Amino acid sequence: MSEGEQSTDSRVAELCSILLGASAAEGAVPGGASFDLANRAAEALVEEVLERRAREERLERRLNDIMVMLNSIVSFDFSKRAEISERGDSWDALALGLNMVAEELSSRVVSREYVDNILQSMSDLLVVVDKAGTITSVNAAACRLSAYAAEELVGAPASSIFPAAFPCVMGDDESSVLIEETAFQKKTGEIAAVSLSTSIITDSVGESQGLVCVARDLTERKRLEEEERQRLEQVVATQALLLEELSTPLMPIADQILAMPVIGSVDDRRSVQIMETLLNGVVAREARIVIIDITGVRKIDARAVQGIVNSVKAVKLLGAQVVLTGIRPEVAVALMELEFDLGGIYTFGSLQTGIGYAMKQLQKPGLT
């Protein structure tokens, strides 16, 4: 196996290990790496990410619906009901439970202690703020995330824990406000990302008495999103390296003869890659003749010509003879217009002809 093939296989193996996990990748590619397998795994990853994001969007809508329901209960408005889907999942069970609580609360006089027990059991943060922007009540979740005791939060300004949201939402005339992401400041000074839903509390005559705020910690979701982003970036970077190696393969034709078909466009980065691959191959295989085939080069411009010239000069410095193949009529015209010096370089119209010439040359004694 050539050095280029080993490098390509290692890239594929690396990509498979990223996408499938180390143990799965070893079992999936016995006897050699498969770029097709890695590509399918990458496509599967993208589909998984899209499906997960769609699932998260559905979850966001369900949670927002439940937040509105909770805000209503806290405001002693028991008329609202949470939507129940046909899935019958845990969120539907929670929505059904809240609807049953609202039914029960609306049908009898409920003690303050009963309502408080419900609010304290919430996993989301609940903060009640008066008209002056002062915190009047919090639940256990708010204390856990902030690291404050309830006694420390009650009487403090809401801006002390929601620095970016208050006092802005106090002047909003909307009955409810949803902020998808805002800062939540902990006692330690650390900032956490939360989503925030606020609703106006009114008295019996409809006068505003303050706000009830329900917030949800986004720390875990953002951590998973960052892991997902890094994983996708790693996959893209590995695929890019693999594609570069596949687009400039170095093939041993015979002992001391190497061929490189150049395919696609040749820019500055590609020129450096071609040169490095050629030089490493000449040294590793002690090549005496190098065939550079440009049949697949889409556009012969000044940049592509300069890249080819630099590669030719570098190979000749190592003592190897250079054969240039794939000289089409339009390529010949471009080389003439760009004043490309063909001195010391043998040129042929096809790769097959160039290989035949190289095989004959190798049989001659004293080739340098």
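The values are calculated or read from the model by the stated rules, or taken from the named source; none is laboratory data. Note that the coordinates shown come from a computational prediction; the quantities given were computed from them, not determined experimentally. Here Cβ is always computed from backbone atoms with ideal geometry, including for glycine, and neighbour counts include all displayed protein chains. All accessible areas refer to the heavy atoms of the entire protein, side chains included, with ligands and DNA or RNA removed. Shrake-Rupley method; radii C 1.70, N 1.55, O 1.52, S 1.80 Å.
Looking at VAL194, VAL177, VAL169, VAL212, just one residue is touching a Ser or Thr at 6+ places or on another chain (Cβ under 7 Å) and part of a helix (DSSP H, G or I), and that residue is VAL169. Scoring VAL138 on the criteria (1) at pLDDT 90 or above; (2) over 23 Å from ASN64 (Cβ atoms) leaves a single failure, condition (2). Screening ALA95 with (1) modelled with pLDDT under 80; (2) under 18 Å from LEU126 (Cβ atoms); (3) crowded, with 16+ Cβ neighbours inside 10 Å gives one miss only, at (1). Annotation note: of ASP130, ASP124, the sole residue that is surrounded by 17 or more Cβ atoms within 10 Å (Cβ to Cβ) and either within 27 Å of LEU94 (Cα to Cα) or of a type in the set (D, E, K, R) (or both) is ASP124. For segment 127-158, a residue qualifies if it is assigned to a helix (DSSP H, G or I) and either closer than 21 Å to THR219 by Cβ or not small (Gly, Ala, Ser) (or both), and the qualifying residues are ALA140, ALA141, ALA142, CYS143, ARG144, LEU145, SER146, GLU151, GLU152, LEU153, ALA158. Helices (runs of 4 or more DSSP H) fully within segment 258-368 that include at least 1 residues being open to solvent by less than 60 Å² (accessible area, probe 1.4 Å) and touching a strand residue (DSSP E or B) at 6+ places or on another chain (Cβ under 6 Å): 268-285, 302-317, 351-363.
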